[in-house]
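**Student:** Here it is, the structure, as structure tokens.
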Amino acid sequence: MITHAIRGRTRYPGAIDSRVLAGIPDLVAWLDLSDPNYLYTDDGITRVVNDGDLVYKVIDKSGNGYHFYQTTDTKRPLYRPLVGLRGAVQFDGSNDVLYYPGFVVSRLNGTMFAVIYLTSSVKKGAVMTTGGKDHGWSLGVGGSSYDNTGNDLILLFSSIKWIDTNDPIGTGAHLLSVTVTNGAPKWYIDGVYSGQATGSPSAPTNESWIGGEGETRFYGDHSCELAYYSVPLTDDNRVVVENYLMTKHGIG
């Protein structure tokens, strides 16, 4: 069952301080796709410089070593320094995807944040996934599912299958947040609580992806910054992370 509440947001002054995310307990992976110092055109030697550089590897800022990569050059997304306030990585919606050979949050509990930049209101695909196709959970955009274009926040939980939140994201830069507590997800757009559902996803397979649900259901637009926490964050901690990301990327 999906429920919706009156939308509202508690907003505190944000600060663009890189210690904010790392200061919240249980940060697992922090992937800043807007920071060229952590994006590489190879396996960690040559940083991206130019608009259109192919991204081979994203270094995890958390220090936990969850580096996402793509060894096949035709499947690599593009560095786009002039998108949004701080830059982004562009996925083509066809086969671009970054991969980590392990899952970064558990089946039943966790939090995911994604700052994305949408260039239109008819997009589709999984922005970030823990697990592989039909095994785990993910968030993205589409119309009733990742397979149909649209502008809604879409969740995929393996045993629930599709959750179309019916909440349009809009275009430009936006923050998507999902917390999962004992298998039950709650979702937020730009820091505003939008709804929740009951149920429990199946156990993730030992993999995680950015830009697709495995090598399928590819996302066809820009991602700016992603973060995974291994627990459902308290509201206070979630708001701290949201304020940091929204201030940094000029959202709200």
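**Student:** Using a basic spin-label model with each label point 7 Å from the Cα along Cα→Cβ, how many nm lie between ASP236 and ASN166?
**Tutor:** Taking the two extended label points, one gets 3.5 nm.
**Student:** Can you check what the Kirkwood hydrodynamic radius comes to for segment 57-117, Cα pairs only, in Å to one decimal?
**Tutor:** Computed over Cα pairs of segment 57-117, the Kirkwood hydrodynamic radius comes out at 13.4 Å.
**Student:** Sticking with this structure for a sec: Roll a 1.4 Å probe over the protein chains and send me the accessible area per residue for the chain in Å². Can you show the working numbers first?
**Tutor:** Details: 9600 Å² over 252 residues.
With all protein chains present, the chain gives 38 Å² per residue.
**Student:** If you don't mind, another one. Comparing PRO81, PRO185, PRO101, which has the greatest mean-square fluctuation in the GNM of the chain with Cα pairs linked when under 10 Å apart?
**Tutor:** PRO101
**Student:** Along the Cα-to-Cβ line of ASN95, 7 Å from the Cα, sits a label point; which residues in segment 21-63 have backbone N less than 14 Å from it?
**Tutor:** none
**Student:** Over every pair of different alpha-carbon atoms in segment 106-194, take the mean of 1/r and invert it; report that Kirkwood radius in Å.
**Tutor:** Numbers: mean 1/r = 0.0787 Å⁻¹.
Here the Kirkwood hydrodynamic radius works out to 12.7 Å.
**Student:** For segment 40-174, with equal point scatterers placed on the C-alpha atoms only and solvent neglected, what are the log10 I(q)/I(0) values from the Debye formula at q = 0.09, 0.12, 0.20 1/Å, to two decimals?
**Tutor:** -0.28, -0.50, -1.35
**Student:** On to the next question. Could you tell me the number of lysine pairs in the chain with C-alpha atoms less than 18 Å from each other, where the two lysines are 8 or more residues apart or belong to different chains?
**Tutor:** 8
**Student:** Another question, if that's okay. Under the Karplus relation 6.51 cos²θ - 1.76 cosθ + 1.60, θ = phi - 60°, what is the ordered set of whole-Hz ³J(HN,Hα) values for segment 179-184, x standing for Gly and Pro?
**Tutor:** In residue order, the calculated couplings are 10, 10, 10, 6, x, 9 Hz.
**Student:** Counting residues in the chain as N, plug N into 2.2 N^0.38 Å and put the Cα Rg over that result.
**Tutor:** Relative to the rule-of-thumb radius for its length, the chain sits at 0.90.
**Student:** Turning to a different aspect of this structure: Based on the mean of other Cβ atoms within 10 Å per residue, sort peptides 226-235, 65-74 so the most packed one is first.
**Tutor:** Per-residue Cβ counts within 10 Å, averaged per peptide and sorted highest first, yield 226-235, 65-74.
**Student:** Continuing with the same structure: Could you work out the helix-only [θ] at 222 nm for the chain, with each DSSP H run of four or more residues adding -39,500 (n - 2.57) and the total divided by the number of residues, to the nearest 500 deg cm²/dmol?
**Tutor:** Details: 2 runs with 19 residues, N = 252.
It lands at -2000 deg cm²/dmol.
**Student:** Can I ask one more? Return, for the Cα atoms of segment 170-252, the radius of gyration and Dmax in Å, separated by a comma.
**Tutor:** 13.8, 36
The values are calculated or read from the model by the stated rules, or taken from the named source; none is laboratory data. Remember, predicted model here, so these are calculated numbers, not experimental data. Positions of Cβ are backbone-derived with ideal geometry, glycine not excepted, and every protein chain shown enters the neighbour counts. Areas reflect the complete protein model, heavy atoms only, side chains present, ligands, DNA and RNA absent. Shrake-Rupley method; radii C 1.70, N 1.55, O 1.52, S 1.80 Å.
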